[in-house]
Amino acid sequence: MSVSGVVGPGIPVALGIPSVKTTGDVVMDDRPDVPGLIDRFGRIAKDLRVSITEKCSLRCTYCMPEAGLPAIATSDLLSPTEIGRVVSIAVEQLGVEEVRFTGGEPLMRADLAEILAECSQRVPGIPLAMTTNAVGLEHRADRLAAAGLTRVNVSLDSVDRAHFAELTRRDRLPSVLAGIRAAQRAGLTPVKVNAVLMPETLHGAVDLLAWCLNEGVALRFIEQMPLDADHEWARADMLDAQRLLEVLSSRFDLREVGRSDPSAPAEEWVVDGTSSTVGIIASVTRSFCSDCDRTRLTAEGTVRSCLFSDEETDLRAALRGGATDDDIAQLWRGAMWNKWAGHGIDAADFVPPERSMGAIGG
Ligand code: SAM
Ligand code: SF4
């Protein structure tokens, strides 16, 4: 089914609405009385991304400014106890099924194990994943796994040390590779590697895939989005997925297998007839906004319904102002009900959001 939705102020997009199971009558111009995080377009958010810091050990050009992001005062960040509380509200009252910690770089928080322990004790059994650059993970993987971390996605754009240093403005490749191996040993599996697809990463793509195949980790390329702090992204400079496939095909035999399920963001190719795959997440050119099931919490405790919407809802003030769990859940429902239809990157008057990826939490 497809309807016309609205992106921001009045930009029409085509939107496929997934079927929604609700109790009682559902009137789509008025929020139905359902516990989950439903929006006006019938999507239900079950995947929570929690940013826990704006700090980072790297300075990837497509994400961070060279000097890093302005520091957030420690007192403005959610504490481990507060994070544990919002995560339990999300899971127990709002139907969230997976939690992923991100940032900035989550490993920059010295109390990361405490955050994980708070969450795993409050909501035992919920998958607690982390998106990380893996710098320093080598020394912490076991402890984080013991605290409740279940798996990691690692961002890695090149296995060539000089190229890595150019892309991230830091010479930390050995630490990243050691971190990936430590994650595997600690059972934080399946470890997935994410690389940003852009002209600068193309020449390292073949070696990166060879390395991932050798190490037994799945590789996915993600189209670059206009979320760099320097606002230098340009649609015309975007690398075509077809070009990446041509480059990878010079060394590997690739057979398209599509998506593992219709709402999975990555399209997959089997490599050399093995059980290994390489994926492409075409978030810009083949947006999956109509199937989006994400809700985001920033490090300062605001709910962000979409990466590209600058509207946020302040949960931290409610948490610290004596609100009950029911009050917080209701605030969160309201924030998600107003989620935009899609990111609208292709619209003529698209304006990138104020916050960059590292400031929102990717
Ligand atoms: N520091 C951690 C890391 O790099 O994995 C977590 C935070 S990072 C912002 C989360 C993800 O966002 C990473 O996979 C990164 O590659 C991706 N990312 C950052 N900027 C991006 C952009 N402009 N377009 C697409 N992906 C981006
Ligand atoms: Fe840091 Fe991750 Fe952004 Fe790179 S993508 S600068 S590692 S937050």
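Tabulated data for the structure shown
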{"item": "Pair D30, D253: separation of 7 Å Cα→Cβ label points (nm)", "result": "6.1 nm"}
{"item": "Spatially proximal aspartates and glutamates relative to K339 (Cα-Cα < 13 Å; intrachain offsets below 8 disregarded)", "result": "D39, D291, D293, D310, E311, E312"}
{"item": "Solvent-accessible surface (1.4 angstrom probe) belonging to V123, in square angstrom, nearest 10", "result": "10 Å²"}
{"item": "Test item: Cα-centred dipole of the chain, Lys/Arg +1 and Asp/Glu -1 on Cβ, debye", "result": "740 debye"}
{"item": "Across the chain: Cys residues that no other cysteine approaches within a C-beta distance under 4.7 Å", "result": "C56, C119, C212, C289, C292, C306"}
{"item": "Average Cα contact separation per residue, the stretch 2-360, under 8 Å, 6 or more apart, as relative contact order %", "result": "21 percent"}
{"item": "Antiparallel bridge percentage (DSSP; both residues within the chain; nearest 5)", "result": "45 percent"}
{"item": "Exposed-site-free run, longest, the chain (rule: GluC sites (Glu not before Pro); DSSP loop; at most 13 other C-beta within 10 Å)", "result": "98-231"}
{"item": "Net charge, A71 excluded, C-beta distance under 9 Å - Lys, Arg +1, Asp, Glu -1", "result": "0"}
{"item": "Amide H contacts of F221 (H built 1.01 Å from N, under 5 Å, at least 5 apart or other chain)", "result": "A195, G279, I280, I281"}
{"item": "Heavy atoms of R243 accessible to a 1.4 Å probe, total area in Å² rounded to 10", "result": "110 Å²"}
{"item": "14 Å beta-carbon shell around G148, net charge (K/R +1, D/E -1)", "result": "0"}
{"item": "Environment charge of E98, counting only residues whose C-beta is closer than 9 Å and scoring Lys/Arg +1, Asp/Glu -1", "result": "0"}
{"item": "The chain, Cα convex hull volume normalised per residue, Å³", "result": "136 Å³"}
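The values are calculated or read from the model by the stated rules, or taken from the named source; none is laboratory data. It should be emphasised that the depicted structure is a prediction, and the values quoted were computed from it without experimental measurement. As a convention, Cβ positions derive from the backbone with ideal geometry for all residues, glycine included, and neighbour counts pool all protein chains shown. Note: accessible area is taken over every heavy atom of the protein model, side chains too, but ligands, DNA and RNA are not part of it. Shrake-Rupley method; radii C 1.70, N 1.55, O 1.52, S 1.80 Å.
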